[in-house]
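Take a look at the structure set out below.
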Amino acid sequence: MLKTLLIEIGVEELPAVPLLKELKNIEKKYANVLDKYALLGEFEFYYTPRRLVIWHREFKSSQEDSIEEFFGAPLSVAYKDAQPTKAAVGFAKKCGVLLEEISSIEKNSKEVLYYKKEIKGKSSSELLPDIIESWIKSLDFGKTMRWGSLSESFIRPIRWINVMLDDELVPVTLFEVESAKETFVHRISKFGSLSINGAKDYFKTLEDGGVTLFQDERAEKISKDFKAIENESGFNIEVDEELFKEVVAITENPTALLGSFDAKFLRLPPEVIVTSMKEHQRYFPVFKNNKLVNKFVVVSNALTDDFSEVIKGNEVVLRPRLADALFFWHNDLKARLSTEDLKKITFFNGLGTLSDKVKRESAIASTLFDKYKLDISKDDLLRAMELSKADLLSEMVYEFTELQGLMGGYYALEQGEHKIVATAITEQYLPDGEDSALPSTSLSAIVAMSIKLEQVLVIHLLCVVL
């Protein structure tokens with residue numbers, strides 16, 4: 001007989017990045033557990049920041065009956081002088097029956113001991129507690145936490161469990177939480193739990209309670225909101241794919257909203273503003289004619305008809321972030337790019353300081369210049385090498401480490417360095433991935449190559465030493 005099966009594991013808010021990293025494995029691991037228990041079938045997996053949900057439209061109410069066959073020693077070995085040997089007695093013990101119940105069968109042209117056991121399939125309700133526990137404990141989100149007096153850990157505390165086979169509750173205890181026919185909706189709709197009569201009631205309760213359970217629907221809603229904002233404002237939203245997946249994962253009722261910030265912050269390099277919005281606030285930057293404007297898009301999880309306070313609150317949160325960045329920018333410009341303090345920073349134990357590293361890179365660059373006789377200025381090349389790591393000492397890169405190199409290029413331009421030198425500093429780590437852009441000039445290419453060759457040399461030396 002086939003029944004519906006709903007499994008809901010309710011948790012405190014899941015962090016998006018660990019969830020998304022494990023996402024590709026969650027369904028595979030559940031399918032593997034089902035296969036182990038001979039209950040494999042089609043299912044769907046849904047998630048929100050507060051729940052992991054498995055839904056079977058059709059689930060076997062029990063395992064199928066099966067037959068297990070046992071083959072033992074040849075009869076010539078099992079019996080001597082018509083008396084059973086240790087081989088025969090041991091075979092009966094292995095099969096869990098009396099010796100009289102053992103028969104024989106021909107196998108590979110020999111008559112051997114044989115026993116056939118009929119195994120009655122267990123009911124699904126009996127197996128589900130072990131299935132769910134095995135699945136949940138197989139998930140690997142990286143860091144985990146313990147709560148209460150528990151010695152076991154999970155990515156976040158489990159707060160409720162709802163397991164229903166058709167409309168019947170399946171008793172399950174996980175992390176000392178017992179299953180119940182209840183769920184939780186959007187906190188703004190109702191803070192406490194709501195009783196559930198069955199699967200149909202479950203899906204309607206979530207919908208009425210402001211929870212969009214299906215992640216694909218949340219993604220589609222956000223995309224439609226983005227398009228509406230673009231059509232109404234004439235702006236273009238830069239949609240970072242990884243960031244988009246994150247906001248889908250951290251919302252149950254997503255609504256995209258357009259906010260703004262003081263135009264004075266546009267004096268900052270656009271990458272600084274974009275990084276501050278993306279990394280710290282999960283905002284999407286907005287452009288017009290390929291130029292960053294003082295707008296941003298935030299995906300709210302609020303359940304309300306008036307989002308004005310939500311927009312205002314996000315604008316207030318962003319302002320000090322950008323104010324800090326502008327403060328760093330002005331301080332760094334006053335300090336100018338300097339390499340003196342690189343002598344105080346150890347690169348690697350036994351390999352000197354960052355200043356020593358720059359000297360090695362510069363020596364390689366000089367050798368490449370002499371070898372290939374490129375039509376570039378050697379003075380510009382050595383200047384780019386000299387300043388390549390200087391922005392590591394800046395306040396901006398200390399705060400936004402991912403802007404290393406990029407900020408050095410901006411600061412170099414601001415202090416009057418040749419544009420080709422600034423470009424080389426900006427592009428020193430290219431290519432930095434499979435689909436990465438390449439250095440745009442010969443000088444940039446030599447700088448980038450020298451840095452990578454120095455890394456290869458260092459790795460080789462470490463291998464020799466170790």
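Miscellaneous remarks
- Charge dipole of the stretch 66-119 (Cα centre as origin; +1 on each Lys and Arg Cβ, -1 on each Asp and Glu Cβ, all else neutral): 240 debye, rounded to the nearest 20.
- Working note: Karplus 6.51/-1.76/1.60 with θ = phi - 60° gives the stretch 83-96 the couplings 10, x, 8, 4, 4, 5, 4, x, 5, 5, 5, 4, 7, x Hz, where Gly and Pro are set to x.
- Proximity of backbone amide H atoms, modeled 1.01 Å from N, is registered between Ser104 and Tyr114 at under 5 Å, excluding neighbours fewer than 5 places apart on the same chain.
- Farthest toward the positive end of the dipole of the chain, out of Met407, Ile446, Gly350, is the Cα of Gly350, where the dipole comes from beta carbon charges about the Cα centre.
- Geometric extent, Cα atoms of the stretch 66-119 - Rg, Dmax (angstrom): 10.7, 36
- Ordering Ala78, Phe141, Leu128 by the projection of their Cα atoms onto the charge dipole of the stretch 64-202, which places +1 on the Cβ of Lys and Arg and -1 on the Cβ of Asp and Glu, puts Phe141 at the extreme positive end.
- Radius of gyration (Cα atoms) of the chain, expressed as a multiple of 2.2 N^0.38 Å: 1.43.
- Angle between the chain longest axis and helix 442-465 axis [Cα atoms, degrees, rounded to 10]: 50
- On Cα atoms only, tilt of 215-233 relative to the major axis of the chain in degrees: 30
- Near the amide H of Ile345, within less than 5 Å, lie the amide hydrogens of Leu354, Ser355, all on another chain or at least 5 residues away, with H placed in the peptide plane.
- A crude spin-label estimate for the pair Ala363 and Lys312, with each label 7 Å from Cα along the Cβ direction, gives 6.3 nm.
- In the stretch 66-119, Cα pairs under 8 Å separated by at least six residues give a relative contact order of 49 percent.
- Computed from point charges on the beta carbon alone (+1 for Lys and Arg, -1 for Asp and Glu), the dipole magnitude for the stretch 268-380 about its Cα centre is near 240 Debye.
- Going from the residue with the fewest nearby Cβ atoms within 10 Å to the one with the most, Ser338, Ser388, Ser189 rank Ser338, Ser189, Ser388.
- Simple rule: put +1 on each Lys or Arg Cβ and -1 on each Asp or Glu Cβ in the stretch 185-235, find the dipole, and look at Gly192, Phe235, Val211; the Cα lying farthest toward the positive end is Gly192.
- Cα gyration tensor category, rounded, prolate or oblate, for the stretch 340-465 with a/c compared to 1.5: rounded
- Cβ-derived FRET efficiency at R0 56 Å, Ala31 paired with Asp81, nearest 0.05: 0.55
- The 3J(HN,Hα) values that the Karplus relation (6.51, -1.76, 1.60; θ = phi - 60°) gives for the stretch 363-377 are, in residue order, 5, 5, 4, 5, 5, 5, 4, 5, 6, 9, 6, 6, 7, 9, 7 Hz. Gly and Pro appear as x.
- Under the criterion of Cα pairs below 8 Å and six or more residues apart, the relative contact order for the stretch 340-465 equals 22 percent.
- Neighbour counting of Cβ atoms within 10 Å sorts the residues Val272, Val421, fewest neighbours leading, into Val272, Val421.
- Tensor-based shape of the stretch 1-81 (alpha-carbon gyration tensor, a/c under 1.5 rounded, otherwise prolate or oblate): prolate
- Sorted fewest first by neighbouring Cβ atoms within 10 angstrom, Tyr30, Tyr46, Tyr372 come out as Tyr372, Tyr46, Tyr30.
- Dipole magnitude for the chain: about 920 debye, using +1 per Lys or Arg Cβ and -1 per Asp or Glu Cβ, origin at the Cα centre.
- Percent RCO, i.e. relative contact order, over the chain, from Cα pairs under 8 Å lying at least 6 residues apart: 10
- Scattering profile of the stretch 216-335 at q = 0.12, 0.19 Å⁻¹ [log10 I(q)/I(0), Debye over alpha-carbon scatterers]: -0.43, -1.03
- Our coupling estimate for the stretch 61-73, obtained by passing each phi through the Karplus curve with A = 6.51, B = -1.76, C = 1.60 and θ = phi - 60°, is 6, 7, 5, 6, 5, 9, 10, 10, 9, 10, 10, x, 6 Hz, Gly and Pro reported as x.
FYI, it's all coordinate maths here, none of it is from the lab. Just so it is clear, the structure is predicted and the values come from calculations on it, not from any experiment. Cβ coordinates were reconstructed from backbone atoms using ideal geometry, including for glycine residues, and neighbour counts include every protein chain displayed.
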